[in-house]
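Here the structure is laid out as C-alpha cells; the discussion comes afterwards.
The values are calculated or read from the model by the stated rules, or taken from the named source; none is laboratory data. Note that the coordinates shown come from a computational prediction; the quantities given were computed from them, not determined experimentally. As a convention, Cβ positions derive from the backbone with ideal geometry for all residues, glycine included, and neighbour counts pool all protein chains shown. These area figures cover heavy atoms from the full protein model, side chains too; ligands, DNA and RNA do not enter into them. Shrake-Rupley method; radii C 1.70, N 1.55, O 1.52, S 1.80 Å.
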Amino acid sequence: MPAPVAVIINPISGITGGVGAVRSRAEQAAALIAARGLDAQVFVTERQGHARELTKAALARGVVSVLAWGGDGTVNEVASALAFRNATLGIIPSGSGNGLARELRIPLDPARAFAVALGGRECRIDAGELDGRLFVNIAGIGLDARVAHCFAADGLARRGLVRYLTIAARELFTFRSSSYAIVTDGATVRVNALLVAIANGRQYGNGALIAPAAALDDGRLDVVVVAGRSPFAAILQAPRLFTGQIARAPGVTSVKAVEIEITSDRPVPYHVDGEPFVGGVSIRARSRPSALRVVVPKDAPLDLLRSR
C-alpha cells in the first residue's frame with residue numbers, strides 16, 4: 001500500500017473567510033489526493049514553527065511525501081525538516097511572494113499545483129544555511145531583513161503582498177545602510193551596504209530577480225551586495241529587479257561562494273526565506289548541496305535545474 005501523503009496548510013497564507021475557508025482548503029486537499037488513490041493526512045498550522053514540527057512527526061510515521069500549502073515561510077519550515085531525508089517536498093503556493101515556487105515553474109492554481117506535486121518529476125536542489133538555519137531560496141541582511149522583521153511584527157491579520165510593499169516603501173525612507181566585512185571563500189571586502197542578499201534561488205518572488213545568475217543546483221550561493229544609496233536612487237533603480245539587470249545598477253556587486261562570513265559592529269538582524277531572526281556580530285553562511293528532493297512539473301525545461 002502506498003505511503004500516505006501529508007499536507008501542511010498555513011491558515012493565514014492567501015486565505016480569507018475564516019474557519020470555513022480553512023476547512024474548505026483542507027477538504028480540497030484530501031479530495032485531490034484521494035482522487036489519485038492515495039491516503040491523505042491533512043494538518044493546519046497553529047503557530048510559527050508548527051509546520052516543521054508537523055513535518056518531523058509525519059516522517060516519523062513513515063510519510064515520504066509532504067506538501068506545503070502556504071508561502072515562503074511555510075515552505076522553509078517543511079523543507080528544513082525534509083532536508084537530507086528520504087522524502088520529497090511538494091509546493092502548493094499561496095503566499096505573497098512564492099519565490100521558490102515561481103523558480104520551479106510550479107503553478108499558482110492549487111489544483112494544478114497538486115497535480116504537479118503528486119505527478120511531477122523529482123529533482124534535487126541545494127539549500128543554504130545562515131547562522132545555523134536552513135533556507136531554500138534567499139536569506140539576507142540589511143533592508144530586506146528589516147522589512148521581514150516589520151512584516152512579522154505587523155500581525156497575522158495584515159498579511160499579503162500589498163502590506164509587504166507598503167512596509168518596504170516606508171522602511172526604504174527610514175533605513176540607514178551599515179558597514180560590514182564580508183568574507184567569501186577567503187576573500188574579504190568591506191562595504192557600506194543597503195542590503196546583502198545570500199541567494200540560492202534567483203528571486204524574492206513576483207519576478208523580483210535579486211540574483212539573476214543564481215542556480216538552485218550549482219553547490220554555491222550568490223552573494224549580492226547593494227551599496228548604500230538614497231531612497232530616490234533606489235526607487236529609480238528598482239525596475240532593474242524585474243528585468244534581470246540588477247547587477248548593472250551602480251554599486252551592486254555579485255559573487256558566488258560556498259562559505260560566507262559577515263561581520264558588523266553590532267548584532268546582525270537577518271532573514272531566511274523571509275522569516276526574521278537576530279544573530280551575533282558575526283554570522284556565517286554556507287551552501288548545502290543536493291539537500292532537498294522536490295517535485296517540479298514534468299514539462300518544465302530540462303535545464304531548469306542545470307547550473308547556469
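So here's what we get for this one:
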quantity	calculated
Condition met for ALA233 (open to solvent by 20 Å² or more (accessible area, probe 1.4 Å) and not in a strand (DSSP E or B))	yes
Pairs, first at positive phi in segment 262-280, second at pLDDT 95 or above and open to solvent by 50 Å² or more (accessible area, probe 1.4 Å), C-beta under 9 Å, six or more apart	none
Residue tally, condition at pLDDT 95 or above and assigned to a strand (DSSP E or B), over segment 261-275	7
Qualifying residues in segment 236-260 (those that are open to solvent by 70 Å² or more (accessible area, probe 1.4 Å) and assigned to a helix (DSSP H, G or I)) - the one nearest to VAL183 (Cα to Cα)	ARG248
Members of segment 180-209 found to be open to solvent by less than 30 Å² (accessible area, probe 1.4 Å), touching a Ser or Thr at 6+ places or on another chain (Cβ under 9 Å) and among the β-branched types (Val, Ile, Thr), listed by number	ILE182
Segment 27-78, residues that are among the polar types (S, T, N, Q) and open to solvent by 60 Å² or more (accessible area, probe 1.4 Å)	GLN28, GLN48
Count of residues meeting criterion [open to solvent by less than 40 Å² (accessible area, probe 1.4 Å), farther than 17 Å from GLU77 by Cβ and not small (Gly, Ala, Ser)] in segment 119-132	2
Hey, ALA169 closer than 30 Å to ALA30 by Cβ and either open to solvent by 40 Å² or more (accessible area, probe 1.4 Å) or assigned to a strand (DSSP E or B) (or both) or not	no
Condition check for ALA148: closer than 30 Å to VAL268 by Cα, assigned to a helix (DSSP H, G or I) and either open to solvent by less than 10 Å² (accessible area, probe 1.4 Å) or in contact with a Ser or Thr (Cβ under 6 Å, 6 or more places away or on another chain) (or both)	yes
Some residue of segment 204-211 being part of a loop (DSSP other than H, G, I, E, B) and of a type in the set (Phe, Trp, Tyr)	yes
Qualifying residue in segment 115-138 (condition: in a strand (DSSP E or B), in contact (Cβ under 8 Å) with a residue 12 or more places away in the chain and at positive phi)	no
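Yes/no per residue for (1) of a type in the set (Val, Ile, Thr); (2) crowded, with 21+ Cβ neighbours inside 10 Å; (3) outside any strand (DSSP E or B):
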{"residue": "SER80", "(1), (2), (3)": "no, yes, yes"}
{"residue": "GLY90", "(1), (2), (3)": "no, yes, no"}
{"residue": "GLY95", "(1), (2), (3)": "no, yes, yes"}
{"residue": "ALA111", "(1), (2), (3)": "no, no, yes"}
{"residue": "ILE141", "(1), (2), (3)": "yes, yes, no"}
